[in-house]
Amino acid sequence: MKARWMVFWACLVLLTGSLVGAWSTSQQRAEALRGWELATETQNLPYRLPLAGVNVELTQYTPEELSAELERIAAAGFTWVRQPFLWSAIEPERGRWVWDTYDALVAAVTAHEGLKLVAVLDGTPPWARHELAPEHPF
């Protein structure tokens, strides 16, 4: 009878230790992988970057329309403005660079506080395309 109680208590201690170990490991993993902080335990929560963004094509607007459109984007609560920069428009011929359109666009986004530009280089010019895909711009 005494041996049964010893086995019971040993199993109970092992079970409790396993549960505590599993809980502790899951908390450490959650914090390491996701940066979890418990608001009830600390007032110093980590700074998070705003995630709201929008894909745009701002080259279609006049300067006046561009400013108004950027105001609307900022008013909607977006931070990130993801704009394609077409390589074929920037360098239509090897070594000849035309930045006017995109310089104005960068200046317009920069003038709106709170908006951050994500430039996506896209659109291979004909002179730089692979010989097996001369009509494929991407």
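Just one of the listed residues (T110, T79, T101, T124) is without any contact (Cβ under 8 Å) to a residue 60 or more places away in the chain, within 26 Å of the chain's Cα centre (by Cα) and closer than 30 Å to E31 by Cα, namely T79.
Looking at region 62-127, the helices (runs of 4 or more DSSP H) lying wholly inside it that each contain 3 or more residues that are modelled with pLDDT of 90 or more and open to solvent by 50 Å² or more (accessible area, probe 1.4 Å) sit at 63-75, 100-111.
Of everything in region 28-61 that's open to solvent by 100 Å² or more (accessible area, probe 1.4 Å), of a type outside the set (S, T, N, Q) and at pLDDT 70 or above, which residue is nearest to E113 (Cα to Cα)? Per the criteria, the residue is L51.
The values are calculated or read from the model by the stated rules, or taken from the named source; none is laboratory data. Being a predicted model, the structure only gives us computed values, none of them experimental. Here the Cβ is made from the backbone with ideal geometry for all residues, glycine too, and neighbour counts use every protein chain on show. SASA here: full protein model, heavy atoms, side chains in, ligands and nucleic acids out. Shrake-Rupley method; radii C 1.70, N 1.55, O 1.52, S 1.80 Å.
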